[in-house]
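Undergrad: I'd like to ask some things about the structure below.
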Amino acid sequence: MATRKSTKKTNVSADELKLYYREMLLIRRFEEKAGQLYGMGVIGGFCHLYIGQEAVVVGLEANSKEGDKRITSYRDHGHMLACGMDPNGVMAELAGRFDGYSAGKGGSMHMFSEEKNFYGGNGIVAAQVPLGTGLAFADKYKGSDNVTFAYFGDGAANQGQVYEAFNMAALWNLPVIYVIENNQYAMGTSQQRSTSTRDIYTRGEAFGIPGEIVDGMDVLAVRDAGEKAIKHCRSGKGPYILEIKTYRYRGHSMSDPAKYRTREEVQKVREERDPIEHVRGLLLANKYATEDDLKAIDKEIKGIVNESAEFARNSPEPDPAELWTDIYAEATA
Amino acid sequence: MPECTMIEAIRMALSRALKEDPDVIIFGEDVGIDGGVFRATDGLTQRYGASRVRDTPLSETAIAGMAVGAAAHGLRPVAEIQFTGFLYPALDQLANHASRLRNRTRGRLTCPLVLRAPYGGGIKAPEHHSESTEAMLAHIPGLRVVIPSSPARAYGLLLAAIRDPDPVVFFEPKRLYRAIREPVEDDGMALPINKAVLLREGADVTLVAWGAMITEANEAADQLAEMGISADLIDLASLKPLDRGTIRSSVEKTGRCVIVHEAPLTAGLGAEIAADLAEHCMTSLLAPIRRVTGFDTVMPYFRLEAHYMPDAARILKAVHNVMEFA
């Protein structure tokens, strides 16, 4: 793929573009900090970083409205930040602390916010797809025009329950947008080695679900495709599939032997297709921002991320009595 | 008060729940137009509409998953799985999501769903249509497991399960669907969902059972009474969480305990009850605790079913054994 040129854009305002830049940068810096804290032993369990995929969630959130829902799998930190959840609460949860979104009991893969309509954070690959379909079912039943973003990866696309859900969503015209974040690797197995279909979204055709491929390294392309999908769903036409081609720079998790791809491959994407550099280039080329403006944003983001790390470190560990809370409505200890 | 069967009592409870709460929805394979494989939902789609009593594709994983998602967003889904053997694809959603949503969200999101499934043997059906898998589900923290043993308890416990804020697996002893008739008032009264029921009182031995085994244990208790041996008979009703207190106080009184279940012996719920009694009632025990159960075999085809199922005769034998001990 040729090096992308940052050219002038007419369909985006300076404020919008700066917002996307800021949000993508927040995710990247947050994830870099999480990686650091994991290395230092502050974060335990597993930790799946979103670096490289930032344009996907930021682009899709650009057209969401109050009451829309999102649910995803275990690579979920970006989704939470993009829908407005508090970085402090997310980082504290990663560190297993009491002030985390799940009181230190859910960890990286299991955070929720009813306020932001974020339904997890789910560790079982593809199991969130029927859950998201159920959320959309409830919205339709209640007569709202809200939509649900059900995110899953190219790896999850080979689980049977995805297609059970596709069938029901199509059958009942449910307002769900299936977002396939195709980062090309299911842990260490490339799409070519795991998936019979070249374009995964075409599997929706069997169910009558329309879909398309989107360049996930271009936040504006994602935003525009998202707008179309949201309009489709909100107007009662049923589900829609966005297969967003993206790329994960880091390993699957923090321990990844990386034998499945070359350093050069990763380097090439970083240099030529990085979603943040892309927007940075647009901002400068269109004179929407100066280098100094961008430095100020970088500084602000750095402050937010450092504060989240401090917050996490200073938050107490959950009390052992927490083992017994929230198992059933009534106490069972 | 009208007399009805268990299947009618279940239908009555479902209808009552649909009527009193617009958030209650029913879905599953053939629950709509056909009224369910055992007719538990007969007529409900005609009465409440196909959007509330909905036929689904044959997709157990997604039925359970959709129920979890819908419950997380405020509905109260009552999903039907046709037989316990068809429940396995749904276990992923029950174990990994339904049972843990409360814990993962500090109680801010809950999962008030009910998953109904006919369970147990006695209707000459093949293995996966006749098994008793309650212990497997009772092992999952965060799930409730409830089993009625009579029409009246089916009505009251099912209403309780639907109104409960936590996910409930509601196993219905299909052998009893049409075997017993008793008066059931459609009064909307739920039964407590965390209490065992002391069905008859005695002094010599405690019988613990649930589901269709209550009928056998009751028959055994009748015969014992004729021999001058009186039994407490406890219907567990709620298997998880387990009402340990009711069992312990009975055994502290009688000093003897026989536990009856259809499920295989090893790691069945009887093992948990026996261990609990050994830990807490040691000094009250006059005899070893005995279990009368199915065997560690595949649930047999119908010609051999009677050899597998615990019955009053096997229960009597076990009671005589503990009575002879002391």
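FYI, it's all coordinate maths here, none of it is from the lab. Values in this document were obtained by computation on a predicted structure and should not be read as measured data. Because the Cβ atoms are built from the backbone with ideal geometry, glycine has one as well, and the counts that use them run over all protein chains shown.
Undergrad: With label points built 7 Å along Cα→Cβ from the Cα atoms of A:ASP15 and A:SER190, find their separation and express it in nm.
TA: 4.5
Undergrad: Continuing with the same structure: For region B:197-324, what relative contact order do you get, as a whole percent, if you take Cα pairs closer than 8 Å and at least 6 residues apart?
TA: Result for region B:197-324 is 29 percent.
Undergrad: Only Cα pairs under 8 Å and at least 6 apart count here; give the relative contact order of region B:3-183 as a rounded whole percent. Write down the numbers at each step before the final one.
TA: Working: 378 pairs, mean separation 47.6, N = 181.
Here the relative contact order equals 26 percent.
Undergrad: Looking only at region A:174-333, where both bridge partners belong to it, what percent of the DSSP beta bridges are antiparallel (to the nearest 5)?
TA: Details: 2 of 13 bridges.
Restricted to region A:174-333, the bridges split so that about 15 percent are antiparallel.
Undergrad: Something else about it: What does the C-alpha gyration tensor say about the overall shape of region A:110-165? Classify as rounded when a/c is under 1.5, otherwise prolate if a/b is larger than b/c, or oblate.
TA: Values: a/c = 2.64, a/b = 1.38, b/c = 1.92.
Here region A:110-165 falls in the oblate category.
Undergrad: Here's something else I'd like to know. Whole-Hz ³J(HN,Hα) for each residue in region B:133-143, computed from phi via Karplus 6.51 cos²θ - 1.76 cosθ + 1.60 with θ = phi - 60°, x for glycine and proline: what do you get?
TA: My calculation for region B:133-143 gives 10, 4, 5, 4, 7, 5, 6, 9, x, x, 8 Hz in order.
Undergrad: To test your reading of the geometry: what angle, between 0 and 90 degrees and rounded to tens, separates the Cα axis of helix B:269-280 from the longest principal axis of chain B?
TA: That helix lies at roughly 50 degrees to the long axis.
Undergrad: Right, something else. Report the residue, chosen from A:ARG250, A:ARG198, A:ARG270, that carries the largest GNM mean-square fluctuation when chain A is represented by alpha-carbon nodes joined by springs under 10 Å.
TA: A:ARG198
Undergrad: What percent do you get for the relative contact order of region A:44-265 when only Cα pairs under 8 Å and 6+ apart count? Walk me through the numbers on the way to the answer.
TA: Working: 481 pairs, mean separation 54.2, N = 222.
Across region A:44-265, relative contact order equals 24 percent.
Undergrad: Once both labels are modelled 7 Å past Cα along the beta-carbon direction, what's the B:LEU91-A:ASN173 spacing in nm?
TA: 3.9
Undergrad: Please give the FRET efficiency for A:LYS295 paired with B:LYS19, using the beta carbon to beta carbon distance and R0 = 60 Å, rounded to the nearest 0.05. Could you put the intermediate results ahead of the total?
TA: Details: r = 64 Å, r/R0 = 1.06.
Efficiency, from the Cβ-Cβ distance: 0.40.
Undergrad: In addition: Of all the stretches in chain A, which is the longest one without any exposed loop site, taking GluC sites (Glu not before Pro) in a DSSP loop (any state but H, G, I, E, B) with at most 16 other Cβ atoms within 10 Å? Numbers along the way, then the final one.
TA: Values: sites that count: A:GLU66, A:GLU114, A:GLU115, A:GLU330.
Result, exposed sites excluded: A:116-329.
Undergrad: Take B:TYR301 and A:GLU212, extend 7 Å from each Cα along the Cα→Cβ direction, and tell me the distance between the two endpoints in nm.
TA: Distance between label points: 5.8 nm.
Undergrad: Just tell me which aspartates and glutamates come within less than 18 Å, Cα to Cα, of B:LYS240; anything on the same chain fewer than 8 places away is out.
TA: Straight-line reach from B:LYS240, under 18 Å: A:ASP326, A:GLU330, B:GLU134, B:ASP164, B:ASP166, B:GLU172, B:GLU262, B:GLU272, B:ASP276.
Undergrad: Right, here's the next one. For chain A, just say rounded, prolate or oblate: build the C-alpha gyration tensor, square-root its eigenvalues into a ≥ b ≥ c, call rounded for a/c under 1.5, and beyond that prolate if a/b exceeds b/c, oblate if not.
TA: Values: a/c = 1.37, a/b = 1.03, b/c = 1.33.
Here chain A falls in the rounded category.
Undergrad: What chymotrypsin sites (Phe, Trp or Tyr not before Pro) does region B:245-311 have in DSSP loop regions with at most 15 other beta carbons within 10 Å? Please list the in-between numbers first.
TA: Details: sites: B:PHE295, B:TYR301, B:PHE302, B:TYR308; in loops: B:PHE295, B:TYR301.
Taking region B:245-311 and a limit of 15 other Cβ atoms within 10 Å, the loop chymotrypsin sites (Phe, Trp or Tyr not before Pro) found are B:PHE295, B:TYR301.
Undergrad: What FRET efficiency, computed as 1/(1 + (r/R0)^6) with R0 = 25 Å and r the Cβ-Cβ distance, is obtained for B:ASP55 and B:GLU127, rounded to the nearest 0.05? Write out the running numbers ahead of the final one.
TA: Working: r = 26 Å, r/R0 = 1.06.
According to the calculation, E is roughly 0.40.
Undergrad: Can I ask one more? Efficiency by 1/(1 + (r/R0)^6): what FRET value for A:LYS237 and B:ASP30, r their Cβ-Cβ distance, R0 = 25 Å, to the nearest 0.05? Before the final figure, lay out each step's value.
TA: Working: r = 28 Å, r/R0 = 1.13.
My answer for the efficiency is 0.30.
Undergrad: Helix B:151-163 versus the longest principal axis of chain B: what angle, 0 to 90°, nearest 10, using Cα atoms?
TA: The helix B:151-163 is inclined about 50 degrees to chain B.
Undergrad: Could you state the orientation-averaged shadow area of the convex hull built on the Cα atoms of region B:197-324, in nm² to one decimal? Numbers along the way, then the final one.
TA: Values: hull surface 29.5 nm².
One quarter of the hull surface, i.e. the mean projection, equals 7.4 nm².
Undergrad: For region A:170-184, take each phi angle, set θ = phi - 60°, evaluate the Karplus expression 6.51 cos²θ - 1.76 cosθ + 1.60, and give the result in whole Hz per residue in order, putting x for glycine and proline.
TA: 6, 4, 10, 6, 7, x, 10, 9, 7, 9, 8, 7, 8, 9, 6
Undergrad: Which pairs break 28 Å Cα to Cα here: A:LYS228/A:LYS259; A:LYS228/A:LYS268; A:LYS65/A:LYS237?
TA: Check vs 28 Å cut-off fails for A:LYS228/A:LYS259; A:LYS228/A:LYS268.
Undergrad: Contour minus end-to-end for A:LYS302 and A:GLU114, with contour as 0.36 nm per residue of separation and end-to-end as the Cα-Cα distance? Mind dumping the intermediate values first?
TA: Numbers: separation 188, 0.36 × 188 = 67.68 nm, distance 2.72 nm.
Additional length available on full extension: 65.0 nm.
Undergrad: Tell me, which longest segment in chain B has none of the GluC sites (Glu not before Pro) that fall in DSSP loops with at most 16 further Cβ atoms within 10 Å? Display every interim value, and only then the final one.
TA: Working: sites that count: B:GLU185, B:GLU201.
Of all site-free stretches, the longest is B:1-184.
Undergrad: Going by Cα centres, region B:144-199 and region B:59-88 are how many Å apart?
TA: That distance is 19 Å.
Undergrad: Zone of A:ASP145 (label point 7 Å along Cα→Cβ, backbone N under 18 Å): which residues in region A:205-249?
TA: Residues A:226-240 fall inside that zone.
Undergrad: Counting C-alpha atoms alone, how compact is the protein assembly as shown: give Rg to one decimal and Dmax as a whole number, in angstrom.
TA: For the protein assembly as shown, the Cα radius of gyration and maximum Cα-Cα distance read 28.3, 99 Å.
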